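See structure below.
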Amino acid sequence: MKPEVEDSKGCSLKLAIVVPPPSLGLASVRERYSRVEILEKVARSYGKPSSEAEPKNMCDRQRPSNTLAAYNGRPLHLAPPPIAIFHPVFAQMTRESREPAHLHDFTADEIDAAYKFLLVCAQNHLDEAEFQEALQGFTFISRPRFWYELSIKLSGGQIRSMRPNGSSSIDVVLPGAEAVAAYTALGELKNLGEQKADASMQAMAAHMHLVSHNKQYELIRQHSCCPVLLVALSGDILIVWGGVYGERSLYEPLITIRVGLQPSMYSDDPGFGGNHVGAGVLEVAKVLRVLQRGVGALDTYYEELLMSLSKIKENKLPRPGSRAKSNAGGAWTQPYDLPHASPHWSTFTIGGVPYKVQYTETLVPDNIQQTVYRATVTPPLNDGTDKVVVKFAHCYGEEGHRLLADNGLAPKLYYCAYEPTVDMIVVVLAFMPGKVSGSGVSLSHKQQGDLKRAVALLHGADLVFGDLRAPNIITHEDTVALVDFEWCGAAVDDAEKGKRQARYPVDINLSDIEWAHGVRRYGRIEKAHDLFMLDSLCTDV
């Protein structure tokens, strides 16, 4: 289905298409592989997950300059890219968790499990040990021993083992080898009033320890982004995180819930009753169902991955860009020549013709939050090209992009649609050679004229661009093209057409950029704002 691109509320993803570095050769691939090895060696200097999650160590570790920082939005400038592009389980869980709880058809067993879990979390416990023992009294997400501590062996670091409060794993016996365990979920719990460490950060530290210096993970991390679900329970506050591992550790909250009373609601169902307890049990039942399905999907993914790895020699380095496809959830394994985990979205259809995407590199390698990739498609598109740019966005001004592309003022747009497997809009556009305006490049008289024409075309169609700055202008020879249409949308409200006036994102950078007067967080984007930015770019050379 097509997204309502005019109903844009702004988003923070940015696109700057630049001339990429030369194609990565084998030396470059090995160089990046060496960087991962260095990262793993540095990770071995870390202490126990519980100590790493203490406030003092968190403040010290959570800095962009630290290669081992957890990109989890704490602080905000360490926000991760949307991890749903790296494995479909995260999009699946996000979609399911958005569904109202009362619309689910729960079984009696699911309601019973939710009630027991709520009962334990709402109880006051003397200490963490008593809390954990209470959780061991019933089955959690169909795993009777989830909340039993399990010692996980580590190698090469300061610590030789770790004991997360909870875990779920899939064990596979490989031909000619001992059983290999891949962890689909890790749990950490804290009793209210005695937390010395943050449950979420402790679970993340455990995952980083696991993938960086657990011997069984040496082969797994070479061929996978090591997706995991982290269950952080602090008293009656439950947060479920999704996590992946590449050259950085990325974590995104998928579910946050208070495991207790919820606001009551009217219901004519005598079994539900609509009271605070009933509403709470239904919400908990939904969360446990979503979590159980997510862990199940990762079980399938790792089982198939581990079986496929039995055919791969551990010391064999894949050729640049090569990948093996896993049938588990359609997730791609990680290629060595990409700085982060690789997107799993790999096929799209235009006019009944299916196309396959092969990612080659990121276009903004220095910004981990930028989900923009250069790729090749097979077969070639109808204009003969096989080189494209793939962008993942939460909102996109498709109408404005197509308008300017039809007039030669934006890259050709091949595909733009909401994709459920990433829970985002996927945009496939032509790759344009050129330079970013402002990077030592001034606009010629013709280029300034073309830029003015682009703004006039948008305004004539009652559209605004919103982010008219030099980084979003590509110049090549004497041509100019606009990119980054995330903020582009309707200039006015139009109820008949179902359009709402475009707004600036809530996280717009107001401190380092000179915007037009009246630009505010979540403020309406006005045509006058575009004209102000246009005047600052056009100097009438």
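No lab work stands behind these numbers, since they all come straight from the coordinates. Remember, predicted model here, so these are calculated numbers, not experimental data. Neighbour counts are summed over all protein chains in view; Cβ atoms, including those assigned to glycine, are modelled from backbone coordinates with ideal geometry.
Please give the peptides 289-301, 351-363 ranked by average Cβ packing (other Cβ atoms within 10 Å per residue), highest first, as a rough proxy for protection.
Details: 289-301: 20.6, 351-363: 14.9.
Per-residue Cβ counts within 10 Å, averaged per peptide and sorted highest first, yield 289-301, 351-363.
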Over 27 Å (Cα to Cα) among K215/K356; K153/K190; K286/K499; K48/K215; K356/K412 -> K215/K356; K286/K499
Rounded to the nearest Å, the spacing of the alpha-carbon centers of region 192-218 and region 413-454 is 41 Å
Given unit charges at Cβ for Lys, Arg (+) and Asp, Glu (-), the dipole magnitude of region 344-443 about its Cα centre in debye, nearest 20, is 220 debye
With x for Gly and Pro, the residue-by-residue ³J(HN,Hα) of region 395-401, computed from phi through the Karplus equation 6.51 cos²θ - 1.76 cosθ + 1.60 at θ = phi - 60° and given in whole Hz, is 8, 7, x, 4, 4, x, 4
